[in-house]
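Take a look at the structure set out below.
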Amino acid sequence: MALLLLLKQEYPKLHALTVDHGLRRESAGEAAQVARWCEALAVPHSILRWQHDGITSGIPEKARDARYALMLEWCRAHEVKHLFTAHHLDDQIETMLLRLLRGSGLVGLSGMLPVSERDGVFLHRPLLSLPKSELIAILEKAGQAWLEDPSNHDLNFTRNALRVHLRDLTWEQKKRFHAVAESFRRFRFGLEAHVDAALAECFSSNTLNHAAFIQQPEELKIRLLHHICHRVSGNGEPVRSEKIARLRASLETGAGKHMLHGVVFCWQPPASSWLVTRTKSLN
């Protein structure tokens with residue numbers, strides 16, 4: 001709701017999307033409440049419902065994937081090129097720490113990007129420098145009510161357990177996390193010119209030249225595979241570094257078929273190269 005109020009000041013043509021994940025009995029009523037608030041703000045609104053038979057494991061990850069799939073599908077169907085989400089600084093800190101615990105490398109530790117592209121749709125996160133407390137202050141000043149997801153308090157989920165330990169961080173400490181994310185992001189994109197040159201040398205027409213690939217420095221191999229997985233899959237989410245490292249080691253053998261992140265690498269012996277294709281169509 002805070003994002004909606006802020007965007008409404010700048011963009012006269014908005015369409016709000018609410019995803020009803022169907023994981024709690026109250027979710028349909030909450031989505032309907034958001035629809036009423038949007039109507040009061042004269043903002044068109046659509047509810048996107050996740051159809052499933054019940055989710056019992058990996059709930060946060062599956063819900064996130066479904067949420068993005070539904071929103072991106074709606075954007076493509078309506079020829080919308082820009083999608084905004086309300087991720088804020090507290091979300092960014094949690095994401096960075098989760099990725100650190102999972103052994104992420106440069107890509108993961110640079111956090112969520114303010115702008116990324118997913119198969120023709122630009123995903124914007126304009127609130128990453130603002131803590132949740134500031135968004136609440138915006139809502140209170142505007143007299144706008146909002147909803148809190150009770151599942152955010154379920155300590156069985158690692159992100160929620162981290163949130164408990166992070167709630168006492170000061171604004172200054174949160175700003176330092178933001179500065180660290182910015183540093184990683186600058187370092188990450190400082191490599192892009194080298195990655196672009198390596199991509200031009202190694203990868204074209206969905207074919208990865210094996211000899212050119214194995215001659216690259218180790219860090220460039222990792223970055224090349226990140227880029228290839230992102231480009232071919234159309235999935236803007238970063239791939240975990242340990243998975244990329246395993247893929248790199250497998251590709252260096254020059255044999256077999258290897259899959260990661262919705263992408264399959266198939267060895268082509270006559271050409272000494274890898275055919276790289278998407279395993280399934282985007283929703």
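General remarks:
- 3J(HN,Hα) along the stretch 228-235: 5, 4, 5, 5, 6, 6, x, 8 Hz, from the Karplus curve 6.51 cos²θ - 1.76 cosθ + 1.60 with θ = phi - 60°, whole Hz, x for Gly and Pro.
- Each of residue 271 and residue 7 was given a label point 7 Å from its Cα along the Cα-to-Cβ line. The distance between the two points is 4.1 nm.
- Antiparallel content of DSSP bridges confined to the chain, in %, to 5: 70 percent
- Charge tally around residue 178: other residues with Cβ under 11 Å, Lys/Arg +1 each, Asp/Glu -1 each, net +1.
- Nearest 10 degrees, 0 to 90: helix 59-77 Cα axis against the chain principal axis: 90 degrees
- Stokes-Einstein D in µm²/s, Kirkwood radius over Cα pairs - the stretch 165-210 at 10 °C with 1.306 mPa s viscosity: 118 µm²/s
- The modelled label-to-label distance for the pair residue 193/residue 211, using points 7 Å beyond Cα in the direction of Cβ, is 2.9 nm.
- Accessible carbon and sulfur surface of the chain relative to its total accessible area, %, 1.4 Å: 54 percent
- Under Karplus coefficients 6.51, -1.76 and 1.60, residue-wise ³J(HN,Hα) of the stretch 165-178 in Hz, glycine/proline x: 6, 9, 5, 8, 4, 7, 4, 5, 5, 5, 5, 5, 4, 4
- Reachable lysines from residue 243, criterion Cα separation under 23 angstrom, eight or more residues apart if same chain: 62, 221, 257, 280
- The GNM of the chain, with springs linking C-alpha atoms under 10 angstrom apart, assigns the highest mean-square fluctuation among 32, 69, 77 to 77.
- Counting all C-alpha pairs of the chain, share separated by more than 28 Å (%): 45 percent
- What the pair-distance distribution of the stretch 132-283 shows, using all Cα-Cα distances binned every 5 Å from zero, is 2, 8, 13, 15, 13, 11, 10, 9, 8, 6, 3, 1, 0, 0 percent.
- Accessible area in square angstrom per residue, the chain, 1.4 angstrom probe: 55 Å²
- Nearest 10 degrees, 0 to 90: helix 132-142 Cα axis against the chain principal axis: 40 degrees
- Cross-link partners for residue 175 among the lysines, with Cα-Cα distance under 17 Å and sequence neighbours closer than 8 places in the same chain left out: 132.
- Residue 83 sits among other residues whose Cβ lies under 12 Å from its own Cβ, and their net charge, with Lys and Arg +1 and Asp and Glu -1, is +2.
The values are calculated or read from the model by the stated rules, or taken from the named source; none is laboratory data. Since the structure is predicted, the reported quantities are computational estimates derived from the model, not experimental observations. Note that we place each Cβ from the backbone using ideal geometry, even for glycine, and neighbour counts take in every protein chain shown. Quick note on the areas: whole protein, heavy atoms, side chains included, nothing else; ligands and nucleic acids left out. Shrake-Rupley method; radii C 1.70, N 1.55, O 1.52, S 1.80 Å.
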